[in-house]
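S.K.: Before I ask anything, here is the structure I am working with.
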Amino acid sequence: MCETSKIEKEVMLKIIIWYLFFGVVFNFLVDISTDYAKSKGVKVPPETNWNWSTRIMSGIIWPIGLIFYLKGYINERYNNKK
């Protein structure tokens, strides 16, 4: 019984580590895409610059941020026909 509990804890720890890793990757991609947009002349509002508290929070709740990011990307990419 104790062995099963140890295995479950190891699996849960791996899941948490992967979850946080994807949060870091998400933050990295957002920073890279924001810098790329600025370099291409896209007007980026100053309130979209993230500080460390925003990065930490988005690293924790990154699936919600990913949904909003993809929604904005799709709207800009496919719904803005110039």
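S.K.: List, please: which pairs have Cβ atoms under 9 Å, are six or more places apart or on different chains, and start with a residue in segment 17-29 that is touching a residue at least 12 places away in the same chain (Cβ under 8 Å) and end with one that is surrounded by 14 or more Cβ atoms within 10 Å (Cβ to Cβ) and aliphatic (A, V, I, L, M)?
M.R.: PHE22/LEU66; PHE26/LEU66
S.K.: Any residue at all in segment 35-43 that's of a type in the set (S, T, N, Q) and under 19 Å from the mean Cα position of the chain (by Cα)?
M.R.: No, because not a single residue in segment 35-43 is of a type in the set (S, T, N, Q) and under 19 Å from the mean Cα position of the chain (by Cα).
Read the figures in this text as sums done on the coordinates, not as results from a lab. This structure is a prediction, so every number in the text was calculated from the model and none was measured. All Cβ positions, glycine included, derive from the backbone under ideal geometry; neighbour counts span all protein chains shown.
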